[in-house]
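Here is the structure we will look at.
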Amino acid sequence: MEPREGEWLDPIVACVGRCALNLVLVDGVPASGKSTLARQLERRLITAGREVLLVENDWFIHPDIRDPWALARGLGLALSGRSVEAVESALLERFLDGLRLGRFMDGLGAAAPELEAGRRVELCLEGAWWNLALPRQWSPLRRELGPGAVVLIEGTLSRAVYHGRFPVHLSVLVDVPAETARARFLTRNRVAETRRNLAFSALAWVSPAFRIAAEMIGRDAHLYDFRVELGSFGAPRVFGRTVEPAKT
């Protein structure tokens with residue numbers, strides 16, 4: 001019998017909670033395969049009868065991500081010898097749009113009690129594609145969700161962004177060598193639709209940027225509920241801690 005698409009993700013699907021609102025975070029270095037995994041996980045969850053909202057944390061990137069000097073200062077900060085924690089905090093504050101991200105988090109926080117009361121809610125996302133060479137037109141994304149819904153968020157350092165505000169979540173680390181991710185980034189950058197802006201692309205021309213990102217995420221690798229080795233898209237391997245599905 002041929003395996004179903006994304007069947008290898010079923011151990012993760014089985015551990016997604018059954019609370020009124022369930023948050024799943026997919027983390028990893030840029031171009032590690034987070035989007036590929038998240039889309040397959042979304043389809044597996046829908047097949048399992050779950051209502052899913054897939055969110056790209058890239059939507060909340062600040063326009064400064066297009067400024068070469070801002071990125072150069074960010075890389076300089078990362079190489080400054082400060083602690084990984086201090087560098088991570090400074091980079092997130094500098095390159096995430098706190099207003100749009102804050103509104104989304106506020107919406108998530110307000111949705112939880114409504115869903116627990118059995119009511120449907122509408123979430124509104126205000127985003128942009130500042131990291132693309134040719135940013136696409138964006139209009140606010142409005143999505144209605146009911147009790148038991150899954151909000152699936154994928155993006156580099158997503159756990160660092162959301163853990164403090166939403167400590168109850170399921171986390172998945174997409175684990176690939178930094179140089180493999182960098183090679184994938186350069187390959188993806190040859191396609192006009194997925195090409196990153198010049199400032200962001202320049203980071204891929206120097207390997208320290210990917211190495212630093214891997215160090216930031218890797219230091220907490222043991223805290224993720226699942227680790228997925230995705231060095232080969234054709235042979236993914238899933239490793240998980242003992243995680244019991246949360247129930248209401």
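The values are calculated or read from the model by the stated rules, or taken from the named source; none is laboratory data. From a predicted model like this one, the values you see are computed outputs, not experimental measurements. Neighbour counts are summed over all protein chains in view; Cβ atoms, including those assigned to glycine, are modelled from backbone coordinates with ideal geometry. When the accessible area is computed, the model is the full protein with side chains, heavy atoms only, and any ligands, DNA or RNA have been set aside. Shrake-Rupley method; radii C 1.70, N 1.55, O 1.52, S 1.80 Å.
Summary of values
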| read-out | value |
| --- | --- |
| Breaking point among (1) over 22 Å from Ala221 (Cβ atoms); (2) out of contact with any His (no Cβ under 8 Å at 6 or more places or on another chain); (3) not aliphatic (A, V, I, L, M), for Arg94 | (2) |
| Filter result (more than 28 Å from Cys15 (Cα to Cα) and either part of a helix (DSSP H, G or I) or open to solvent by 40 Å² or more (accessible area, probe 1.4 Å) (or both)) within the range 130-149 | Trp130, Leu134, Pro135, Arg136, Gln137, Trp138, Ser139, Pro140 |
| Qualifying positions in the range 160-173 - surrounded by fewer than 20 Cβ atoms within 10 Å (Cβ to Cβ) and within 22 Å of Leu203 (Cα to Cα) | Ala160 |
| Residue match in the range 32-40 (condition: buried (at least 19 other Cβ atoms within 10 Å of the Cβ), closer than 24 Å to Glu126 by Cα, at pLDDT 95 or above and in contact with a Phe, Trp or Tyr (Cβ under 6 Å, 6 or more places away or on another chain)) | no |
| Ser80 being over 16 Å from the mean Cα position of the chain (by Cα), under 21 Å from Ile61 (Cα atoms), hydroxyl-bearing (Ser, Thr, Tyr) and not in a helix (DSSP H, G or I) | no |
| Condition met for Val176 (in contact with a Leu (Cβ under 6 Å, 6 or more places away or on another chain) and buried (at least 19 other Cβ atoms within 10 Å of the Cβ)) | yes |
| Residue that is least open to solvent (accessible area, probe 1.4 Å) [pool: residues in the range 185-216 that are more than 19 Å from Ile65 (Cβ to Cβ) and within 19 Å of the chain's Cα centre (by Cα)] | Ala214 |
| Subset of the range 217-244 [among the hydrophobic types (A, V, I, L, M, F, W, C) and buried (at least 19 other Cβ atoms within 10 Å of the Cβ)] | Ile217, Phe226, Val228, Leu230 |
| Filter result for Ala183 (assigned to a helix (DSSP H, G or I) and out of contact with any helix residue (DSSP H, G or I) (no Cβ under 8 Å at 6 or more places or on another chain)) | yes |
| Test for Leu152: is it open to solvent by less than 30 Å² (accessible area, probe 1.4 Å), more than 13 Å from Trp59 (Cα to Cα) and at pLDDT 90 or above | yes |
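For (1) assigned to a helix (DSSP H, G or I); (2) over 24 Å from Ala192 (Cβ atoms); (3) open to solvent by less than 30 Å² (accessible area, probe 1.4 Å); (4) of a type in the set (A, V, I, L, M), each residue gets a yes or a no:
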site	(1), (2), (3), (4)
Glu88	yes, yes, yes, no
Arg103	yes, yes, no, no
Gly107	yes, yes, yes, no
Gly118	no, yes, no, no
